[in-house]
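Structure first, then comments.
The values are calculated or read from the model by the stated rules, or taken from the named source; none is laboratory data. As the structure is a prediction and not an experimental result, all values here were calculated from the model. For neighbour counting, all protein chains shown are included, and Cβ atoms are generated from backbone atoms with ideal geometry for every residue, glycine included.
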Amino acid sequence: MRRVVYIAVAMLGLAACSKPTELASEANAVYERGAPTELPPDSVTLDSIVPEAPPEDIAAPDAQPGSESGQFPGYAPKTTADTVTDYRPGVAGDIAALPRVGDPAALAQAFVDWKARAASSPGAFEEGAVQLGADAQEYRPSDAELVTAEAGDRLSAALNGADDATKVSVSAVLGPDPAARNYKRFDFRHSDVMGSGRYFYSSAPKDATVPGV
């Protein structure tokens with residue numbers, strides 16, 4: 001189990017809670033080093049996700065003189081799921097431009113387009129800053145990979161329980177090749193480092209497949 005160390009400087013801006021979004025990554029389990037993560041089961045949709053309480057190992061330390069609610073001054077733990085836009089805010093515009101889960105055919109076309117971009121712009125492993133809560137080797141996905149993963153996760157959620165007509169419309173966009181449904185997805189985590197700040201990390205790519213007809 002990873003150890004989370006609390007910061008000793010004010011982080012009011014970082015502590016602000018995110019507004020509810022349609023991000024598929026909010027429906028994924030929080031990434032832990034070495035822990036297997038699976039897509040939500042068929043019975044789970046983006047609208048049905050209930051945020052989990054933070055694990056016990058990141059509970060507040062005993063109160064210190066001058067602290068607020070037992071935390072270091074100005075600090076509040078992040079209790080929302082870590083998402084793709086937490087990890088890389090720069091892709092927020094492309095993520096926001098993706099079609100809604102309620103429009104699977106358009107979402108499938110966006111998935112195809114972004115998957116082609118990701119194929120020509122892959123990410124890579126790089127040395128991680130272990131002192132800042134990273135693993136020794138951290139995968140740094142490209143922007144295109146992150147948007148593709150979001151589109152693929154949304155499309156997979158859209159097809160859970162979808163009727164045959166919807167599945168046929170998506171299949172018409174994706175084509176008959178089963179490989180066209182494959183994509184790489186990511187999970188995200190954060191580390192709060194004393195005296196430094198909050199850092200977000202991505203898992204290595206995980207194989208995923210958009211459900212078929």
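Quick check on segment 176-193: of everything there that is more than 19 Å from residue 148 (Cβ to Cβ) and part of a strand (DSSP E or B), which residue is nearest to the chain's Cα centre (by Cα)? Lay out the reasoning, then the answer.
Just the residues of segment 176-193 that are more than 19 Å from residue 148 (Cβ to Cβ), to begin with: 176, 189-193.
Remaining after also requiring part of a strand (DSSP E or B): 189-193.
Values: 189: 8, 190: 11, 191: 15, 192: 17, 193: 20 Å.
Looking at the filtered set, the residue picked out is 189.
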Only listed residue being within 15 Å of the chain's Cα centre (by Cα) and not aliphatic (A, V, I, L, M), chosen from 196, 202
202
Scanning segment 197-213 residue by residue, the ones that are farther than 14 Å from residue 125 by Cα and not in a strand (DSSP E or B) total 4
For residues in segment 107-140 being under 19 Å from the mean Cα position of the chain (by Cα) and under 15 Å from residue 94 (Cα atoms), which is surrounded by the most Cβ atoms within 10 Å (Cβ to Cβ)?
111
Within segment 77-136, take every residue that is part of a helix (DSSP H, G or I) and among the polar types (S, T, N, Q) and give me the one that is nearest to residue 195 (Cα to Cα).
131
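Please go through segment 179-200 and give me each residue that is touching a strand residue (DSSP E or B) at 6+ places or on another chain (Cβ under 8 Å) and of a type outside the set (Phe, Trp, Tyr), ordered by number.
If we filter segment 179-200 for residues that are touching a strand residue (DSSP E or B) at 6+ places or on another chain (Cβ under 8 Å), which is where we start, we get 181-193, 198-200.
Hits for segment 179-200 are 181, 182, 184, 185, 187, 189, 190, 191, 192, 193, 198.
Mind checking whether some residue in segment 169-183 is within 19 Å of residue 81 (Cβ to Cβ) and either among the acidic types (Asp, Glu) or crowded, with 17+ Cβ neighbours inside 10 Å (or both)? Show your work before the answer.
Within segment 169-183, the first condition is being within 19 Å of residue 81 (Cβ to Cβ), and the residues that meet it are none.
For segment 169-183, residues within 19 Å of residue 81 (Cβ to Cβ) and either among the acidic types (Asp, Glu) or crowded, with 17+ Cβ neighbours inside 10 Å (or both): absent.
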In segment 137-167, how many are part of a helix (DSSP H, G or I) and either over 17 Å from residue 116 (Cβ atoms) or among the aromatic types (Phe, Trp, Tyr) (or both)?
10
Residue 82 crowded, with 17+ Cβ neighbours inside 10 Å, in contact with a strand residue (DSSP E or B) (Cβ under 7 Å, 6 or more places away or on another chain) and either hydroxyl-bearing (Ser, Thr, Tyr) or within 26 Å of residue 211 (Cβ to Cβ) (or both):
yes
Just to be sure, is residue 123 within 13 Å of residue 201 (Cα to Cα) and in contact with a strand residue (DSSP E or B) (Cβ under 7 Å, 6 or more places away or on another chain)?
no
Within the set of pairs 6+ apart or on separate chains, which have a first residue in segment 173-198 that is farther than 20 Å from residue 135 by Cα and touching a residue at least 24 places away in the same chain (Cβ under 8 Å), a second that is among the β-branched types (Val, Ile, Thr) and surrounded by fewer than 19 Cβ atoms within 10 Å (Cβ to Cβ), and C-beta atoms under 6 Å apart?
181/209; 182/209
Does residue 143 fit the bill of being modelled with pLDDT of 95 or more, more than 30 Å from residue 74 (Cβ to Cβ) and acidic (Asp, Glu)?
yes
